[in-house]
Amino acid sequence: MRFRTRWAVTADIPRIDTLMRLAIDRLQDAFLSPEQVVASRAFMGLDTQLVTDGTYLLAETETGELAGCGGWSFRATLYGGDHTAAQRDPALLDPATAPARIRAMYTHPGFARRGVGRLILETCERAAAERGFREAEMMATLSGEPLYRACGYQPVERSEAVADGVAVPLIRMRRPLGAS
């Protein structure tokens with residue numbers, strides 16, 4: 001199946017939110033307990049600044065069905081959505097000294113393992129490199145780690161986010177841009 005990509009606009013946000021909820025609930029269950037999946041909703045989701053900045057990508061089928069989404073950022077925030085204000089930092093990054101941020105990568109469960117995530121990731125990496133970034137980093141979930149490793153990302157730090165007393169494991173990952 002072929003997918004087309006385009007940068008998201010504000011009118012896409014409801015579709016993005018629906019896909020994210022579905023992906024969080026269905027694609028993490030092989031990696032997290034049911035309590036951890038519920039807790040992850042507290043810090044996962046869309047940071048609409050990515051849409052405003054024009055750095056949030058959609059992958060759609062030829063009929064317009066949303067197969068996946070994800071973005072990159074030139075801002076300091078590493079992860080989190082609009083509802084996680086304490087984690088957000090809109091400061092601009094210097095591409096000469098800081099890595100671009102890969103953010104909010106989600107695939108519709110019906111399109112998992114069909115190249116959607118890789119397509120979005122590679123497109124975002126190219127866009128970040130065109131803006132002068134030499135490296136990219138992300139805060140990955142356990143369900144995303146296999147894809148990111150296959151794309152050349154290496155773990156930098158293991159950590160966790162805690163919501164309602166439930167710890168959810170996360171992995172900070174990084175790779176040079178332009179490397180295969």
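The values are calculated or read from the model by the stated rules, or taken from the named source; none is laboratory data. These numbers come from a predicted model, not from an experiment. All Cβ positions, glycine included, derive from the backbone under ideal geometry; neighbour counts span all protein chains shown.
When Gly132, Gly152 are checked against the criterion of being within 16 Å of the chain's Cα centre (by Cα), over 22 Å from Ala30 (Cα atoms), assigned to a loop (DSSP other than H, G, I, E, B) and in contact (Cβ under 8 Å) with a residue 12 or more places away in the chain, a single residue qualifies: Gly152.
The condition of being hydroxyl-bearing (Ser, Thr, Tyr) and touching a Gly at 6+ places or on another chain (Cβ under 7 Å) does not hold for Tyr148.
Can you say whether Ala112 is in contact with a strand residue (DSSP E or B) (Cβ under 6 Å, 6 or more places away or on another chain), in contact (Cβ under 8 Å) with a residue 12 or more places away in the chain, of a type in the set (Gly, Ala, Ser) and closer than 28 Å to Glu160 by Cβ, as far as the supplied structure shows? Against the criterion (in contact with a strand residue (DSSP E or B) (Cβ under 6 Å, 6 or more places away or on another chain), in contact (Cβ under 8 Å) with a residue 12 or more places away in the chain, of a type in the set (Gly, Ala, Ser) and closer than 28 Å to Glu160 by Cβ), Ala112 does not qualify. Taking (1) in contact (Cβ under 8 Å) with a residue 24 or more places away in the chain; (2) basic (Lys, Arg); (3) out of contact with any Pro (no Cβ under 6 Å at 6 or more places or on another chain) in turn, Arg158 satisfies each apart from (1).
Contact map, region 63-77: residues that are at pLDDT 95 or above paired with residues that are among the hydroxyl-bearing types (Ser, Thr, Tyr), Cβ distance under 6 Å, separation 6+ or inter-chain. Pairs shown: Ala67/Thr61; Gly68/Thr107; Cys69/Tyr106; Gly71/Thr55; Gly71/Tyr56; Trp72/Thr55; Ser73/Thr55. Look at region 1-12: where a residue is free of Cβ contacts under 8 Å to residues at least 60 places away in the same chain and within 9 Å of Thr61 (Cα to Cα) and a partner is among the charged types (D, E, K, R) and assigned to a strand (DSSP E or B), sitting 6+ places away or on another chain with Cβ atoms under 8 Å, you get Arg4/Glu60.
Can you name the helices (runs of 4 or more DSSP H) wholly within region 1-120 that have at least 2 residues being touching an Asp or Glu at 6+ places or on another chain (Cβ under 9 Å)?
Values: elements: 13-27, 34-40, 49-53.
Result: 34-40, 49-53.
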